[in-house]
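Single-structure report; data block below.
The values are calculated or read from the model by the stated rules, or taken from the named source; none is laboratory data. This is a predicted model, so every value here is computed, not measured. Using ideal geometry, Cβ is built from the backbone for each residue, glycine included, and neighbour counts are taken over all protein chains shown. Heads up: the accessible areas ignore ligands, DNA and RNA and are worked out on the full protein's heavy atoms, side chains in. Shrake-Rupley method; radii C 1.70, N 1.55, O 1.52, S 1.80 Å.
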Amino acid sequence: MPIRVLPEQVASAIAAGEVVERPASVVKELIENALDAGATRIEIRVEGGGHGLIEVADNGSGILAAEVPLAVARFATSKLDSVEDLEAIDTLGFRGEALASMGAVARLEIQTRAAAESVGARLEVEGGRTLVHEPVGAPAGTMVRVRDLFYNVPARRKFLKTEATERRWITEVVSRYALAYPQVQFQLHHESKLHMGTTGRGDPLEALTAVYGVEVARALLPIREEGAGPLRIRGFVSPPDVHRSNRRQLTFFVNGRWIHDPSLAAAVRQAYHGLLMVGRHPMAILQLELPAQDVDVNVHPTKAEVRFRDPGRVFAVLQRAVRATLLGQTTPPRVRYAPADRPAGDGEQGRIGLDWAAAASVRGVEPAGLHPAPGRPGAAAGGLPLLRVVGQVSASYVVAEGPDGIYLVDQHAAHERILFERLMHAHQTERIESQALLEPQTVEFPPAQASLLESQLEILQKLGFQLEHFGGRAFRVRAVPELLRDLSPEQALRSVVEDFEEDETPLAEELEARVAARVCKRAAVKAGQVLSLQEQERLLMDLEACAAPRTCPHGRPTMIHLPVEALERQFGRRG
Ligand code: ADP
Ligand code: MG
């Protein structure tokens, strides 16, 4: 075929395909237009999962009757003047492509009236051609209807998912915007039935409830005010015990724009490290505000990606804000009490029998409040109530009483958590202790493991191993972390090298934490080990002092809580 310039209609269908990928992208663009127009009420009606009809009506500024034909022209926008404007975009739209794209691949109808005008305008566009342009009586604001999406692009129509799937995507888009703009009233109707609605009263919690339901909305933790310079972060994250099976529940808005950014998602996931059960994912709705010139939004026609001027800083600030929120979480106010029969003082009696050498290896560098005086006022750091030991079950679980019911504590998981926090603290303050071997030992590893090990020598050193590459697949070990002194050097190394295999390119910090977690797993008291009452008490006191006492470093729960009400219900004392 000879080279030739594509006819306008083909060219615009191709371009339109970039902006409008599916019904949900139509909804997104129309919502963004309404928000740009200052709407306080946005009503969305969908039929047939958006394949049939998408209608978005707003009470925003409306379009001047004379300008309506321009609104559907390609690269026609009221939001941008010059190239300089591109550097600091403060509207959601700016490319002037959305309406034109819809007009190219669907039957588009616009009805609008600017507040200052008495008569509105109606426009119909099909396949890029304007069919109708007439005056009309209409309420102030804009209503856009998109019918038969991709009716003239069979290749694209084929790829539309089932109505149910497209409906889900649309609901997701509307929900996210409803969360980010609680001051705007959103209503989403599927087949004339109200599917989701917010009041627009400006209460973020109310919007969260509309989207996620009361229970989740109540559980979510507001980000503690993070005002690091010009970058501000607001929003909510799930506590470690509220999680989802998929990764899609991380929502980011940057300067009011919904964006997808793998590095922001990674920052949040990293903040949950060691707190979440393996294979489970957190929920978050986070709004980042930063000066418009620090972020480039003109990356892709869907405007769903951005580039930060300083991505490293954004990552770090976000990660810290979320982590601080998670660790600072406090449980709802509870009656606090200190049982009288609690061991007095911080004596050594709790150490008898149990191998507390592990803890001793980092003695003197324990986090503040690790051995709090019993009966101290206020909540334990991680929000655990004071617990009274009742006894041990199956040589594996410690049963305890709290002010609000029974706690079953997994002794191994709890001890892992305690050791982990001590080790990480010692690590951060660079006071990890090693146990020198009487004689250096040489350990050989299979090729793949050896090269992994070689690349991670530095991390191992930080965690208390002293070893060097001894050529080929051999390593010479001179010291192991005090915590692992009971294992042979070979066992000790093997127990951590498995972690390197899990993930080839983990972040250094995450890897350190993971290796530390594994070290603690090896060192922690095992299930099946009988503990004296004092040892059990010691365990719970140390657990209370942890920053994140409710999960082990691998994310499994350390305890199960049976509230008094649950017991009463079980015994039929309560309805
Ligand atoms: P962009 O949003 O990038 O400017 P669009 O194709 O989405 O491009 O819209 C083109 C123009 O039409 C906008 O710049 C705006 O002036 C006008 N417009 C579109 N939707 C609305 C609306 N809901 N209310 C008021 N004006 C609108
Ligand atoms: Mg737009």
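For the range 184-333, what class follows from the C-alpha gyration tensor (a ≥ b ≥ c being the square roots of its eigenvalues): rounded when a/c is under 1.5, otherwise prolate if a/b is larger than b/c, else oblate?
oblate
Let me check I've understood the local charge: for Gly127, count other residues with C-beta under 12 angstrom from its C-beta, Lys and Arg +1, Asp and Glu -1. What total comes out?
So the surrounding residues net to -2.
For the chain, what does the helix formula give at 222 nm: sum of -39500 (n - 2.57) over DSSP H segments with n ≥ 4, over the residue count, nearest 500 deg cm²/dmol?
It lands at -10000 deg cm²/dmol.
Please go through the range 405-468 and write out the GluC sites (Glu not before Pro) that DSSP classes as loop and that have at most 15 other C-beta atoms within 10 Å.
The qualifying sites are Glu430.
Nearest 10 degrees is fine. How inclined is helix 489-502 to the longest principal axis of the chain, computing both from alpha carbons?
10 degrees
Express the relative contact order of the chain as a whole percentage, based on alpha carbon pairs under 8 Å and six or more residues apart in sequence.
Relative contact order for the chain comes out at 11 percent.
Once you sort the root eigenvalues of the Cα gyration tensor of the range 89-185 as a ≥ b ≥ c, which label holds: rounded (a/c under 1.5), prolate (a/b larger than b/c) or oblate (the other case)?
oblate
Return the distance in nm (one decimal) between the two label points of a simple spin-label model at Lys158 and Val299, each offset 7 Å from Cα along Cα→Cβ.
Here the answer is 3.1 nm between the modelled labels.
What order, most packed first, do the peptides 190-201, 12-23 have when packing is the mean number of other Cβ atoms within 10 Å of each residue?
With the highest mean Cβ count within 10 Å placed first, the list reads 12-23, 190-201.
Please list the non-local residues whose amide H lies under 5 Å from the amide H of Arg244, H modeled 1.01 Å from N, same-chain partners needing a gap of 5 or more.
His281
Want the number for Ala140 to Glu444: 0.36 nm per residue separation, take away the alpha-carbon distance, what's left?
Here the segment from Ala140 to Glu444 would lengthen by 101.7 nm.
What part of the accessible area of the chain, given as a whole %, is carbon or sulfur when the probe is 1.4 angstrom?
Whole-percent figure for carbon plus sulfur exposure: 52.
Does the chain come out rounded, prolate or oblate, given a ≥ b ≥ c as the square roots of the eigenvalues of its C-alpha gyration tensor, rounded meaning a/c under 1.5 and, failing that, prolate meaning a/b above b/c?
Prolate is the answer for the chain, as a/c is 1.5 or above and a/b outweighs b/c.
Can you tell me how much longer the chain between Ser532 and Asp486 gets when fully stretched, taken as 0.36 nm per residue apart minus their C-alpha distance, in nm with one decimal?
Full extension of this stretch gives 14.4 nm more.
Within the chain, what's the longest stretch lacking chymotrypsin sites (Phe, Trp or Tyr not before Pro) that sit in DSSP loops with no more than 16 other Cβ atoms inside 10 Å?
The longest uninterrupted stretch comes out as 160-336.
Relative to the present Cα-Cα distance, how much length would full extension add between Leu562 and Arg248 at 0.36 nm per residue of separation?
Full extension of this stretch gives 109.9 nm more.
Apply the Karplus curve 6.51 cos²θ - 1.76 cosθ + 1.60, θ = phi - 60°, to the phi angles in the range 35-52 and return the couplings in whole Hz, x for Gly and Pro.
For the range 35-52, the Karplus curve yields 5, 4, 7, x, 5, 10, 9, 10, 10, 10, 10, 10, 10, x, x, x, 5, x Hz.
Can you give the accessible area per residue of the chain, in Å², using a 1.4 Å probe?
I get 46 Å² per residue for this part.
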